[in-house]
Structure formats: C-alpha cells, structure tokens
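Shown next, in structure tokens, is the structure this report addresses.
The values are calculated or read from the model by the stated rules, or taken from the named source; none is laboratory data. As the structure is a computational prediction, the values presented were derived from the model and not from experiment. All Cβ positions, glycine included, derive from the backbone under ideal geometry; neighbour counts span all protein chains shown. Surface accessibility is based on the protein's heavy atoms, side chains included, excluding ligands, DNA and RNA. Shrake-Rupley method; radii C 1.70, N 1.55, O 1.52, S 1.80 Å.
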Amino acid sequence: MAAPWEDVLRNEAAVQEAARVAVDAALLAGVLMRTEGEPNASDVVNYAPFTLLPSAVPSALFEQAYAVQQDFNLLVDAISQNKEFLERTLASTIKVDDFTARLFRIYMQVLEEGLAQSVFLGINRSDYMFDCGVDGTSALKQIEINTIAASFGGLTSRTAAVHGQVLKVLGKSEEASRLLPNNPSKGLALGIVKAWELYGSPSAVVMFLVEEVQRNIFDQRCVENELWNRNIRVIRRRFRDVFEKGSLDDARRLYMDGQEVAVVYYREGYVPKNYDQQNWEARLLLERSRAVKCPDIATQLAGTKKVQQELSQPGTLERLLPDRAEAVARIRATFAGLYSLDVGEEGDKIAAMAIADPDRFVLKPQREGGGNNLYGEELRQVLEKIRDSPERTSYILMDKIKPQPAMNYLLRAHSPLQVSECISELGIFGVYIRQGKEMVMNKAAGHLLRTKAIEHADGGVAAGVAVLDTPYLV
C-alpha cells in the first residue's frame, strides 16, 4: 500500500513542526499513560506512544473486519457454553500448562456447583493483519481474539482527533475530514451499562478489577467516566482486595466493602504473574458469584490459542454454529494456517516442518498481553528443545503473516524523531450480552489500529513495542 503522505515524509521541517503539534494535541486530548518510573502516580504522566501520521488501511479489508465481528461474538459465546468442546480441546494443554489448568479447574468447579450468573457480558477484540500475497493483493488474516482485558478502547477513542489536527497543520484538511469517528470507550461502556441494568439492582456497583501496577489507567478511566456520566457507581479493586474484603451472601450476591457488585469488569487476570494463591482464591469467589463477570471464566478459556487452532479444523465451526453457513464462511475467510503440536505422528511432522523452515511460522504459547510469541531462530531453538516432550502441546504453530511495510514516524516520549519502516495490526472491539439463552446485544463497538517498526516481531502498546494509530482508508 502506497503511503498517502510521501510528500510529507520528504519534508523534514514540516515533520518537525507537525511532531510538536502532535504531542501537544495528544496531551490536550488525554492520550495519556503513567510513566514507567511512577506507574501508580498520576502527578507525572506522559503521552501514550502514537504515530505521527495515520496509516493506510485498505477499505475493503476494514469493512470485512467489521462485518465479521458479530459472527465472532456469536462464536465466542457458543464456545463458552460448550463444556464438551472446551474439555476435549484443552485436554492436552491442561496437562502441561499450569495456568490454563488452574483456570479450567475453577471452570469445572463452578459448573458442578451450578452457575449463579444468568447474564453474560462479552467484551472482546479480534486482531488482524493484512497479509500481502505474491501478486501484491492484501488479505485480512486474524492474529487472535482477546476475550479478557482487551485494552486501548479508551485511548483510541481520542487518537483520531490528534491525527486530524496533524493533517490540518500539514495542509491536508480534506484528508483530515476523511478520518472515521471512533469511540470504543462508549461502545464498551454501553455493554457494561446494559449488563448492569439486566442484573436488576439499582444500588449495585460496577467493579473494575485492576492490576497492582496501573500505567494504563487513563484508558480505563475513559470507559469508567462513561458509566459515571450515567450515574452508575464504579469501584476499582485488586484481587487482594477481593480476597480480604469480598463475600457472598446466601443468594451468592457479591459484596465488596458492604456494596453489592452487579458487574465485574476484568482488566487483569490474563497472565500467570497476575496470580498467587490468594488471587486464585479471589478468582474462585468471583466466579461463584451472581455478578456479571466480563469475562466469565468459560469465555476466558474460549480465547485460548489452543481453541483458536481447533477452530481451524474442518467441520469445527459448523458444529459450533449450526445453520449459520454464511457466518462460518465469513469467519473462515479470516483464518491463517494454524497447526497442532499435539503428541503423535501429525504433531511430529508439523514440528519438523517448523524446525526446517522457522521463518514461515510463529510459535504461540497460551498467553495474552503481547510479547510472548516466538519467531525465527528462537522458534527453532525452543521447538528443538521440546519436540519430543509433551510440553510442546502448550503451544500452537501459525503461518507467519507478511504485511506490506510503510514509512511513518513513531512518537515516543524522550525518543529521537526518526522515520521507521512499519507494519500495522487492526483490532475490532465486539460487545455482546446473553441473558439465559437469549442474545440481547451483539455489535461491533469500534476499532484499534496499532503500528510498530518491522524490527519488532511481537508485542503491543502496553508491552512497549507498538504505538497507537488511526486508519486512513484507501
């Protein structure tokens, strides 16, 4: 894709001036993060990293990503209700991956006790890259779907205005007017609002479950403020607070500090380091409660890499979404090649294929949060080490997607201004609510474009690699 800003990239004086305007515009718009030095203090903040210029995105692929989001919402919800599928799919993984195994044990315990929760809220983000074929055409290929703590819906709601200002300063008002409005923070909040209403207790609060270190607090505050604006009380608590002060009454209503909790919105709990023994006990207490968990543990398991790989097997989508042939076709069109490393002849063959040609693939563990995937020589070394061990079943192998790079400037606090060869990843936020068996909300709620220099194989904005961006449709 040709960059629409070639003339700007050649004009160093214009770039320097635009960068100064961009940083001030970001601070003014609230595109903010706390600093690494003071990650829990808001009296020292800086702008979240972002691109100087919006990145070109093919409009047909952008529309395709939006069009398939409701299908993915239905799929995630169907998986979360299918105990037999989750048991069978995760059987090999839970033998070797302790984190997934502990989540699964809580899932089974809650099912055996009987679900107290009757309203289910899903907030997910399906992430894609644009795979450039040998003939130069691009195709939309899914990287993963995040079903827990999908972030940056707040900050990306404010990024388009910054890019619009930059384009105007560069004399491109016409192009600035073509940037799409985008407000995921409102869309995500409306999902939480509806779940809170369906829970049916006007005095109950929404609890954001947050990490000990909260650099990305302003992203969460964008969603939180939408709730306060609708007179819904929000509290912010950590797992340790739940362990110390959380309780259930006889009807399994959840109480924190004497306040009934209607909705628990997880912005934490997606990686092993989020848990010690107390935190696991807190997670079990939350899952046993009547409160609407976003996500409940079954939905978190639906987002595992092993499930993603199983979905690519012939017939799986048809069994999960019967009588929805068009949805199945839309979903399948976004899949890249995914391969199982399960123990057996087929898995042996796949492992050997990846060791022989590691640059063709990505090796993915069952982890969220960016910065976990393995590429190239590192992929080969790890696979050689575990090729004859059951440990390899805790990974999946995926075809490496090869996007067409474009030039841009990545603005980071205290970093020199230099042009980089970049690739982008498009995420679409989805929100759905099910009450009992009835789907009462199912929609796409906005988008997130993240861009990184091509020398970085893996990692998102929170991981310090990618930066926020705005799509410019071409």
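Brief remarks on what is shown
- Column: log10 I(q)/I(0), Debye, Cα scatterers of the stretch 360-440, q = 0.14, 0.16, 0.24 Å⁻¹: -0.79, -0.88, -1.17
- The chain, dipole about Cα centre (Lys/Arg Cβ +1, Asp/Glu Cβ -1), debye to the nearest 20: 900 debye
- Per residue value of the accessible surface for the chain (all protein chains in place, 1.4 Å probe), Å²: 41 Å²
- Pairs of Cα atoms farther than 21 Å apart, the stretch 224-318, %: 43 percent
- With 28 Å as the limit on Cα-Cα distance, the pairs of 306/402; 186/452; 141/443; 305/385; 172/443 that go past it are 172/443.
- Unit charges at the beta carbon, dipole of the chain: most positive-side option, 47, 190, 444: 190
- Annotation for the stretch 165-231: GluC sites (Glu not before Pro) lying in DSSP loop with at most 14 further Cβ atoms inside 10 Å of their Cβ are 212.
- Residue-count net charge about residue 408 - beta-carbon cut-off 11 Å; Lys, Arg +1, Asp, Glu -1: -1
- Binning the C-alpha pair distances of the stretch 313-461 at 10 Å intervals from 0 yields a P(r) profile of 9, 27, 31, 24, 9, 0 %, listed from the shortest bin outward.
- Under 5 Å, built H, 5+ apart or other chain: amide partners of residue 411: 50, 51, 52
- Reference-scaled alpha-carbon Rg (2.2 N^0.38 Å with N residues) for the stretch 337-400: 0.98
- Selection from 199, 228, 176 lying farthest towards where the dipole of the stretch 169-293 points positive, charges on Cβ: 176
- Placing unit charges on each Cβ (+1 for Lys and Arg, -1 for Asp and Glu) gives the chain a dipole about its Cα centre, and among 248, 352, 89 the Cα reaching farthest toward its positive end belongs to 248.
- Shown for the chain: the carbon plus sulfur share of the solvent-accessible area, taken with all protein chains present and a 1.4 angstrom probe, equals 48%.
- As a size descriptor, the averaged projected area of the C-alpha convex hull of the chain was calculated at 22.5 nm².
- Surrounding net charge for residue 91, when Lys and Arg each add one and Asp and Glu each subtract one, Cβ distance under 10 Å: +1
- Cβ charges +1 (Lys, Arg) and -1 (Asp, Glu), total dipole of the stretch 337-400, debye: 160 debye
- The chain - mean residue ellipticity at 222 nm from DSSP helices (-39,500 (n - 2.57) per run, n ≥ 4, rounded to 500): -12000 deg cm²/dmol
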